[in-house]
Amino acid sequence: VRHLCKTYRGKKGAETKALDDVSAVFPEAGLVFLLGKSGSGKSTFLNLCGGLDKPDSGEIVIMGRSSAEFSAADFDSYRNTFVGFVFQEYNILNEFSVEDNIALALELQNKKRDPQKIAEILKSVDLEEFAARKPNTLSGGQKQRVAIARALVKNSEIILADEPTGNLDSETGAEIFGLLKEISKTKAVIVVSHDRENAEKYGDAVIELKDGMVVSEKTMATASETAECAGKPGGVRPHLPFSF
Ligand code: ADP
Ligand code: MG
């Protein structure tokens, strides 16, 4: 991520500089926390990383390709196949069963519903017995695990999570961080949080934002070690999973 700037302009001309020249490097695999107080620019940053919004200037570079050169179709493809999103409010559909929520993510990628794959993913988030349940019968932690399963079924390279434990008690929150940690063995997982203690406990690296700027960066374990453990040595992948 290079030199991202983003200013929001209100109707009456009021300006908020949400990001002011933010750069960062993320590993292919590993868990990176973005820390910062409310209003420091964390969600803006994550949304730009996920292609949900565009910066005023700066670029994200994914496997050597700059977002500055992305076509609209590249952005769609990037969002749909390369990135999985997890939000504080879960954003799962209450009218659909757990299984249908996950199947929908596949169908949105024009993939067939794959019951075996869905069952495997539900098992990996410890929800194998909940496939037929409606989300309103689940606890917050279970709902968040459905949201994580939905992100995982896309088989994306990157998981972006915006305050995924913000609505959870601390014990359930720790379970979610543990699950994200597990996932980060094979994927880049970027988590926005203001929970410094857990960021330092679970994170491979912590980036702290203040007033739209990076004020500190700390690496707990080398990201390349993590990537190598996952059998993903650095360098060029054999194929790009989205149509560049
Ligand atoms: P965080 O996620 O760290 O709480 P945000 O990225 O949401 O911070 O917001 C950074 C700053 O940008 C805040 O001052 C916020 O009020 C402002 N902001 C965020 N989104 C918008 C928007 N859509 N329109 C105007 N201002 C915004
Ligand atoms: Mg936010």
Handout entry: Packing-based ranking, highest mean first, of 41-51, 85-95 given that Cβ atoms within 10 Å are counted
Key = 41-51, 85-95
Completion exercise
In degrees, nearest 10, the alpha-carbon axis of helix 115-124 is tilted away from the dominant principal axis of the alpha carbons of the chain by 70 degrees
Problem - Residue (of Leu179, Pro115, Gln142) at the positive-pole extreme of the chain, dipole from beta-carbon charges - result: Pro115
Problem - Sequence ranges 162-168, 97-103, ranked by mean other-Cβ count within 10 angstrom, highest first - result: 97-103, 162-168
Problem - Gaussian network model of the chain, Cα within-10 Å springs - most flexible of Val206, Val146, Val25 - result: Val25
Fill in the blank from the handout: re the range 1-135: pairs of Cα atoms spaced beyond 25 Å account for a percent value of 43 percent
Practice task
With label points built 7 Å along Cα→Cβ from the Cα atoms of Leu104 and Asp211, find their separation and express it in nm.
Solution key: 4.2 nm
Problem - Gyration tensor over alpha-carbon atoms, the chain, equivalent ellipsoid semi-axes in Å - result: 27, 21, 20
Handout entry: Tail fraction, Cα-Cα pairs, the range 127-186, threshold 16 Å, whole percent
Key = 44 percent
Completion exercise
In this structure, among Lys6/Lys154; Lys11/Lys210; Lys134/Lys185; Lys143/Lys201; Lys123/Lys185, pairs with alpha-carbon gaps over 19 Å are Lys6/Lys154; Lys11/Lys210; Lys134/Lys185; Lys143/Lys201
Practice task
Using the Karplus curve 6.51 cos²θ - 1.76 cosθ + 1.60 with θ = phi - 60°, work out ³J(HN,Hα) for each residue of the range 99-110 in order, rounded to whole Hz, and write x for Gly and Pro.
Solution key: 4, 5, 4, 6, 4, 4, 4, 5, 5, 5, 9, 6
Problem - On Cα atoms only, tilt of 170-183 relative to the major axis of the chain in degrees - result: 90 degrees
Practice task
Over the alpha-carbon set of the range 119-219, divide Rg by the Kirkwood Rh and report the Rg/Rh ratio to two decimals.
Solution key: 0.99
Problem - Computed Kirkwood radius, in angstrom, where 1/r is averaged over Cα pairs of the range 158-217 - result: 12.0 Å
Practice task
Would you mind calculating the gained length between Asn155 and Ala131 on full extension (0.36 nm times residue separation, minus the Cα-Cα distance), in nm to one decimal?
Solution key: 6.7 nm
Practice task
Mind running the shape call on the range 72-178? Use the C-alpha gyration tensor, a ≥ b ≥ c as the square roots of the eigenvalues: rounded below 1.5 for a/c, prolate if a/b tops b/c, oblate otherwise.
Solution key: oblate
Fill in the blank from the handout: Nearest-0.05 FRET efficiency for Glu200 and Lys37 at R0 = 25 Å, using Cβ-Cβ distance, is 0.90
Fill in the blank from the handout: Given the candidates Ala132, Thr81, Val32, the one whose Cα lies deepest towards the positive end of the charge dipole of the chain, counting +1 at each Lys or Arg C-beta and -1 at each Asp or Glu C-beta, is Thr81
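Any read-out appearing in this document is the output of simple, stated calculations on the displayed coordinates, not a laboratory observation. Please read all numbers here as calculations on a predicted model, not as lab measurements. Cβ sites come from the backbone with ideal geometry, for glycine too, and all protein chains shown count toward neighbours.
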